[in-house]
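Report on the following structure.
The values are calculated or read from the model by the stated rules, or taken from the named source; none is laboratory data. Bear in mind that the values here come from a model prediction, so they are computed numbers and not experimental data. Methodologically, a virtual Cβ is constructed for each residue, glycine included, from the backbone with ideal geometry; neighbour enumeration extends over all protein chains shown.
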Amino acid sequence: MQEKYLFEYAVIRVMPRVEREEFINVGVVLYCAPQKFLRSIFVLNENRITAFAPDLDLEEIKENLLAFDRISMGAKGSGSIGQYDMASRFRWLTATRSTVVQCSKVHPGFCVDAEEMLLKLHEQLVL
């Protein structure tokens, strides 16, 4: 039997009017310490977002999601937050905030392969 590893994930949401608490799921961020894995995946369905919030600046949302992705990977151009260790980056990305792009509460689980689980959650919760 393959060993299962503890992971944590949160759903990335676009919430155009924070005060209404209405949102569209656009991605997932997943952290698995034992596998040294932190990654996010997102898809911005422009037709769906525009129908939901026609006044939303889609380019700004895309930039925010790309920054989210760069930080999760610790990539160049991710600023000082991107230089933190994986656990700290995950906690920073999933911290409660009142912005248009935000995360759900963090949920735990067990997986064999973190990347496979990320893709599975993305399919189940976003697509």
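Being hydroxyl-bearing (Ser, Thr, Tyr), under 21 Å from Tyr5 (Cα atoms) and loosely packed, with under 15 Cβ neighbours inside 10 Å narrows it down to one residue among Ser88, Ser72, Ser80; which is it?
Numbers: Ser72 fails: loosely packed, with under 15 Cβ neighbours inside 10 Å; Ser80 fails: under 21 Å from Tyr5 (Cα atoms).
Criteria check complete, one pass: Ser88.
Which of the residues that make up segment 82-94 are without any contact (Cβ under 8 Å) to a residue 12 or more places away in the chain and either over 14 Å from the mean Cα position of the chain (by Cα) or closer than 18 Å to Phe42 by Cβ (or both)?
Filtering segment 82-94 down to residues without any contact (Cβ under 8 Å) to a residue 12 or more places away in the chain leaves 83-85, 88, 91.
Gln83, Tyr84, Asp85, Ser88, listed by residue number.
Of the residues that sit in segment 95-119 and are charged (D, E, K, R) and either under 13 Å from Val29 (Cα atoms) or modelled with pLDDT under 95 (or both), which one is nearest to the chain's Cα centre (by Cα)? Working first, answer last.
First, pick out the residues of segment 95-119 that are charged (D, E, K, R): 97, 105, 113, 115-116.
Next, from what is left, pick out any that are either under 13 Å from Val29 (Cα atoms) or modelled with pLDDT under 95 (or both): 97, 105, 115-116.
Values: Arg97: 13, Lys105: 11, Glu115: 14, Glu116: 15 Å.
Only one residue fits best here, namely Lys105.
What are the residues in segment 82-118 that are under 22 Å from Phe23 (Cα atoms) and assigned to a helix (DSSP H, G or I), if any? I'd like the intermediate steps shown before the answer.
To start, the set of residues in segment 82-118 that are under 22 Å from Phe23 (Cα atoms) comprises 90-108, 118.
Listed by number, the residues that qualify are Phe90, Arg91, Trp92, Leu93, Leu118.
So, of the residues in segment 38-59 that are in a strand (DSSP E or B) and aliphatic (A, V, I, L, M), which turns out to be farthest from Gln124 (Cα to Cα)? Walk me through it before giving the result.
Step one: list which residues in segment 38-59 are in a strand (DSSP E or B), which gives 38-42.
Narrowing further to those that are aliphatic (A, V, I, L, M): 38, 41.
On the way: Leu38: 19, Ile41: 13 Å.
Per the criteria, the residue is Leu38.
Here's a check for you: in segment 24-57, which residue that is within 14 Å of the chain's Cα centre (by Cα) and more than 30 Å from Lys4 (Cα to Cα) is surrounded by the fewest Cβ atoms within 10 Å (Cβ to Cβ)?
Restricting to residues being within 14 Å of the chain's Cα centre (by Cα) and more than 30 Å from Lys4 (Cα to Cα), the top hit is Leu44.
Sort out which residues of segment 19-36 are in contact (Cβ under 8 Å) with a residue 40 or more places away in the chain and closer than 11 Å to Ala114 by Cβ, and write them in order of number.
Leu30, Tyr31, Cys32, Ala33, Gln35, Lys36
Looking at segment 95-123, which of the residues that are surrounded by 12 or more Cβ atoms within 10 Å (Cβ to Cβ) and among the β-branched types (Val, Ile, Thr) is nearest to Asn64 (Cα to Cα)?
Across segment 95-123, the extreme among qualifying residues is Val101.
Might you let me know whether segment 66-81 holds any residue that is part of a loop (DSSP other than H, G, I, E, B), hydrophobic (A, V, I, L, M, F, W, C) and either farther than 21 Å from Lys105 by Cβ or over 11 Å from the mean Cα position of the chain (by Cα) (or both)?
Here is the first cut: in segment 66-81, the ones part of a loop (DSSP other than H, G, I, E, B) are 74-80.
Now restrict to residues that are hydrophobic (A, V, I, L, M, F, W, C): 75.
Filter again for either farther than 21 Å from Lys105 by Cβ or over 11 Å from the mean Cα position of the chain (by Cα) (or both), leaving 75.
Checking segment 66-81: at least one residue is part of a loop (DSSP other than H, G, I, E, B), hydrophobic (A, V, I, L, M, F, W, C) and either farther than 21 Å from Lys105 by Cβ or over 11 Å from the mean Cα position of the chain (by Cα) (or both).
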